[in-house]
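Visitor: The following block contains the structure, expressed as structure tokens.
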Amino acid sequence: MEFKKRYSGIKAFGIARVSDPKQVSALPAQKRRLYNYAQERGLDLEYYEFNESAYSGDREKFLSIVDKIMAYDKYCVIVFDKIDRLTRNGTDATVNKLKQCVKDGILELHFPSDGLFLSKASPANDYFRLGIGTITAEYYSLSNRDNVNRIIEDRIAEGQYMGRAPIGYKNVPLDEHHSDIIIDKEREPMIRKAFEMRLEGFSLKEIADEMNRIGLRSNTYKMTKITKAQLSYMFQNKFYCGQMYYRKQHYPHRYPVYISTEEYDAIQEIAKGNWFQAAVVV
């Protein structure tokens, strides 16, 4: 009852966030806890949630909501389930801005699951707890990043490609966490013919016309007709001769190839020759 007297009718902004695909299932639980917390204290809750593991723009949306809250012209409360839902970066300017707003008596920061509630009257040890919490969250985030990088390095060393396979190949799931890349048997004859035609000196237009005549379609959702630009990209893609591209470098992969390295080099020379001839004509 004491809480309801103090907070009755006060605006609260409840924010639930996840930044890891493994945490997506936690959003409904965060939402429930935030609403229960607001109801127990008589807060007028306005709820927001951000799945930053799926939508790259949600980090920017989160910052825009924080700016909106800070521009709110009445006293309010911001509620995060835990400290690490506010930030995993101990140097984040957002944390400093919000802390200053608390010290100025503009708003309060509540972290119910951590038992931390910051207001203008909060003692120094509460701010110390927030600082320790953000540093711990930053360490957790950096540690996760290091683990992910080690996993990626191991997979690269094993020749495993983690992106979408180019046309002529297929990504196939093995289990919940693993997948493989195989030759696309339906498109294979057409892709091989495209490489053969290029090695024989046919132009991109001639190859595109032939591919569309025999029914080759892109591996996109709409399965559109093959264009000269798509063929040009395909002929420059080293994946077809055993090299995958990751972070501005090429690494050998473990999957079947369509052409040899020598054939790839020959195709690049053909492309240069065709470009030179076109430039001379112009």
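Visitor: Give me the orientation-averaged projected area of the Cα convex hull of region 140-278, in nm², one decimal. Walk me through the intermediate numbers first.
Guide: Details: hull surface 40.9 nm².
Computing the convex hull of the Cα atoms and averaging its projections yields 10.2 nm².
Visitor: Dipole of region 131-282, Cα-centred, from +1 at each Lys and Arg C-beta and -1 at each Asp and Glu C-beta, to the nearest 20 debye?
Guide: The dipole magnitude comes to about 520 debye.
Visitor: Once every DSSP H run of n ≥ 4 in the chain is given -39500 (n - 2.57) and the sum is divided by its residues, what mean residue ellipticity at 222 nm do you get, rounded to the nearest 500 deg cm²/dmol? Numbers along the way, then the final one.
Guide: Numbers: 10 runs with 136 residues, N = 282.
Result for the chain: -15500 deg cm²/dmol, rounded to the nearest 500.
Visitor: Something else: I'd like the carbon and sulfur percentage of the solvent accessible area for the chain, probe radius 1.4 Å, heavy atoms only, ligands and nucleic acids excluded. Present the calculation step by step, with values, prior to reporting the outcome.
Guide: Numbers: 8960 of 16710 Å².
The C+S portion of the solvent-accessible surface of the chain is 54 percent.
Visitor: For region 198-203, just list the computed ³J(HN,Hα) in residue order, Karplus coefficients 6.51, -1.76 and 1.60, θ = phi - 60°, integers in Hz, with x standing in for Gly and Pro.
Guide: 5, 5, 7, x, 5, 6
Visitor: Using a Förster distance of 22 angstrom, determine the FRET efficiency expected from the C-beta separation of MET70 and ARG150, and round it to 0.05.
Guide: In this case the efficiency is close to 0.05.
Visitor: Here's a follow-up. Using the per-residue mean of other Cβ atoms lying within 10 Å as a proxy for protection, in what order, highest first, do the peptides 193-201, 67-75 fall? It would help to have the intermediate numbers written out before the result.
Guide: On the way: 193-201: 16.8, 67-75: 11.7.
Highest-to-lowest ranking by the protection proxy: 193-201, 67-75.
Visitor: Please report, in debye to the nearest 20, how large the charge dipole of the chain is about its Cα centre when each Lys and Arg carries +1 at its beta carbon and each Asp and Glu carries -1 there. Mind dumping the intermediate values first?
Guide: On the way: 43 positive and 38 negative charges, 163 e Å.
Here the chain has a charge dipole of around 780 debye.
Visitor: What are the ³J(HN,Hα) couplings of region 217-232, residue after residue, when phi is run through the Karplus curve with 6.51, -1.76, 1.60 and θ = phi - 60°? Round to Hz, x for glycine and proline.
Guide: 10, 5, 9, 7, 4, 7, 6, 7, 5, 6, 10, 4, 5, 5, 5, 4
Visitor: LYS193 versus LYS248, label points 7 Å from Cα toward the beta carbon: distance in nm?
Guide: Output for this residue pair reads 4.1 nm.
Visitor: Could you grab the Rg to Rh ratio for region 97-222? Cα atoms only, Kirkwood for Rh. Present the calculation step by step, with values, prior to reporting the outcome.
Guide: Values: Rg = 27.9 Å, Rh = 20.5 Å.
Over the Cα atoms of region 97-222, Rg/Rh equals 1.36.
Visitor: Please give the contour-minus-distance gain from LYS222 to GLN100: 0.36 nm per residue of separation, less the Cα-Cα distance, rounded to one decimal in nm.
Guide: This chain segment gains 38.8 nm when fully extended.
Visitor: Along the charge dipole of region 145-197, which of ILE167, SER179, ASN147 sits closest to the positive end, that is, farthest toward it, with unit charges on the beta carbon of Lys, Arg, Asp and Glu (+1, +1, -1, -1)?
Guide: Ranked along the dipole, the leading option is ILE167.
Visitor: In Å, what is the Rg of the alpha-carbon atoms in region 192-240, and how long is Dmax?
Guide: My reading of the Cα-based Rg and Dmax gives 10.3, 31 Å.
The values are calculated or read from the model by the stated rules, or taken from the named source; none is laboratory data. Everything numeric here is computed off the predicted structure, so don't read it as measured data. Quick reminder, even Gly has a Cβ in these numbers, built from the backbone with ideal geometry, and neighbours come from all protein chains shown. Surface accessibility is based on the protein's heavy atoms, side chains included, excluding ligands, DNA and RNA. Shrake-Rupley method; radii C 1.70, N 1.55, O 1.52, S 1.80 Å.
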